[in-house]
Amino acid sequence: MEVRVTNRNTCKSVLKRRLTIIACAGHFYSPSYAQTFWICLGFAVLASTVNAGIVSRMVATQSHDLEKVLHQFDHYLDHLPVVANPPDQVNFIRADPRRSVTDPARDVMNFIQNFEEKYGRDHPIFYRGTYYQAVNDAKQDLKFLLVYLHGDDHQDTDEFCRTVLRNSEVVNFINASFLFWACSVNSPEGYRVSQALRENTYPFLAVIVLRDNQMTVVARLEGPTDPDVLIRRLRLIMNDNEASLIAARLERHERSMTQTIRQQQDEAYKESLKADQEKERRRREEQEVKAQQEQEERNKLLEEQKRKEDIKRQKIDLASQIPEEPPLEHPNTIRLMIKLPAGTRLERRFRREESLKFLYYFVFCHPESPDCFQIVTNFPRRVVPCEPTENNPEPPSFIDFGFGKSEMLFVQDLEA
């Protein structure tokens with residue numbers, strides 16, 4: 001394998017510095033095996049830079065002399081070719097692809113599919129979602145969360161899956177007591193959870209429960225086990241941590257009851273407020289109606305008062321227009337007897353050639369006369385057209401209407 005470097009002095013300085021640090025660490029732990037520890041570890045870190053031949057030669061030297069080893073590195077690096085157009089930087093460590101989490105839910109579903117293809121469908125109910133979704137659901141439902149990290153390459157994984165996770169008692173117990181989340185540590189999602197839970201070996205189970213208002217890992221079960229032992233240990237863990245769930249349930253129940261009572265109080269207050277507002281609305285409406293009626297009454301009184309004042313002024317004006325009564329001995333006169341609705345009798349003489357409007361003015365200006373009236377003859381009954389109107393501004397004369405020397409007339413109140 002050929003390795004090309006961009007700057008011989010820079011690369012030598014970096015490699016020698018790293019190798020010196022590793023060497024010092026090796027001598028600190030145990031000088032007796034440092035000759036293999038620091039050399040092998042150093043070349044493992046720098047494997048992408050140094051070829052296998054130089055590694056085997058340096059390990060074979062079994063040397064404790066750090067200066068001699070560094071001198072061999074200098075000799076090797078002096079013979080490395082220089083790159084004409086070097087890259088911006090050289091990365092000596094390959095990134096772990098599991099650190100890139102792109103679709104955690106798909107990682108979980110792939111694990112479930114692979115598990116069922118290999119071990120069948122007789123297993124606890126897997127939570128079909130991400131780890132954080134499972135944690136949130138367990139917190140919301142106040143349930144224990146059991147996390148299983150599947151080490152595909154571990155020697156005890158296959159036996160655990162076949163004899164423990166497929167055991168009917170284990171299946172029933174987990175389904176009844178836990179939310180069960182599982183994933184392979186070879187996937188990004190499983191690897192991320194393994195980094196958070198820091199497992200030491202497989203099979204690995206962790207029990208997570210709400211404590212002090214946060215989800216806490218209360219137990220780790222690592223290594224091979226059998227169904228009875230697993231159930232017994234899980235039951236003991238549940239008994240030890242049930243008090244925190246009970247307290248959380250009581251707190252949530254009290255909070256729910258308080259919220260319910262507050263909602264009921266708010267609803268009762270809203271209903272009372274609504275009733276008060278409705279009562280106030282009706283009261284305002286009644287007041288408005290009453291005020292409107294009173295205003296209408298006042299308007300009517302004002303209108304009536306104005307009408308009467310107008311009639312009073314009109315009577316004064318019309319009274320001045322009535323011609324003087326002719327003397328009794330005047331040859332061209334007509335004598336009228338007029339009976340008012342109240343029974344009062346009036347007597348008046350008019351010239352026969354005068355207009356009937358003066359008869360209307362005479363009756364209208366009398367204090368006991370109604371404001372709206374008509375005058376009719378006794379027999380044959382006829383309405384005397386004596387009131388001036390737009391259609392009849394100038395009523396006929398007495399003689400034109402056909403009155404004789406003497407007539408009896410009746411005044412009818414049209415508002416009665």
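The values are calculated or read from the model by the stated rules, or taken from the named source; none is laboratory data. Treat the numbers as computed from the prediction; the structure is a model and nothing was measured. Glycine gets a Cβ as well: all are built from the backbone with ideal geometry, and neighbour counts include every protein chain shown. What goes into the accessible areas is simple: the full protein's heavy atoms, side chains included, and nothing from ligands, DNA or RNA. Shrake-Rupley method; radii C 1.70, N 1.55, O 1.52, S 1.80 Å.
If you roll a 1.4 Å probe over the heavy atoms of the protein chains, what accessible area per residue do you get for segment 191-331, in Å²? Intermediate values should be presented prior to the final figure.
Details: 10590 Å² over 141 residues.
Roughly 75 Å² per residue, with all protein chains present.
Using a probe of 1.4 angstrom, how much of the accessible area of segment 295-416 is carbon and sulfur, in percent? Let's see the in-between values first.
Working: 3860 of 7630 Å².
Summing carbon and sulfur atoms, their accessible area is 51 percent of the total for segment 295-416.
Using a 1.4 Å probe on the protein chains only, how many percent of the accessible area of segment 204-257 belongs to carbon and sulfur? Before the final figure, lay out the partial values.
On the way: 1590 of 3190 Å².
After summing per-atom areas, the C and S share lands at 50 percent.
How much of the DSSP bridge set in segment 122-275 is antiparallel, in percent, rounded to the nearest 5? Display every interim value, and only then the final one.
Working: 13 of 21 bridges.
Looking only at bridges with both residues in segment 122-275, the antiparallel portion is about 60 percent.
What does the charge add up to near Ile311, with Lys and Arg as +1, Asp and Glu as -1, over the other residues with Cβ less than 11 Å from its Cβ?
Working: positive: Lys306, Arg307, Lys308, Lys312, Arg313, Lys315; negative: Glu304, Glu309, Asp310, Asp317, Asp371.
Once positives and negatives cancel, what remains is +1.
Treating only the Cβ of Lys, Arg, Asp and Glu as charged (+1, +1, -1, -1), what charge dipole size does segment 150-300 show about its Cα centre? Round to the nearest 20 debye.
Numbers: 23 positive and 28 negative charges, 112 e Å.
Dipole size: approximately 540 debye.
Give me, ordered by chain and number, the residues 5 or more places off Ala182 or on other chains with an amide H under 5 Å from its own placed amide H.
HN-HN under 5 Å from Ala182: Tyr127, Tyr148.
Please list, in order, the residues from segment 216-252 whose amide nitrogen is less than 16 Å from a point placed 7 Å along the Cα→Cβ vector of Gln155.
223-225
Under 12 Å from the Cβ of Glu297, count the other residues' Cβ atoms, weight Lys and Arg +1, Asp and Glu -1, and hand me the total. Spell out each step's value before the answer.
Working: positive: Lys290, Arg298, Lys300; negative: Glu294, Glu296, Glu303, Glu304.
Computed value for this residue: -1.
Count the DSSP beta bridges whose two residues both fall in segment 146-232, then state the antiparallel fraction as a percent rounded to the nearest 5. Intermediate values should be presented prior to the final figure.
Working: 12 of 17 bridges.
The antiparallel fraction comes to roughly 70 percent.
For every other residue with a beta carbon closer than 10 angstrom to the beta carbon of Pro227, add +1 if it is Lys or Arg and -1 if Asp or Glu, then tell me the sum.
Working: positive: Arg166, Arg232; negative: Glu169, Asp226, Asp228.
Once all neighbours under 10 Å are counted, the net charge is -1.
Only four residue types carry charge here, +1 at the Cβ of Lys and Arg and -1 at the Cβ of Asp and Glu. Report the dipole size of segment 350-404 about the Cα centre in Debye, rounded to the nearest 20. Don't skip to the answer; put the middle values down first.
Numbers: 5 positive and 8 negative charges, 55 e Å.
Magnitude of the dipole: close to 260 debye.
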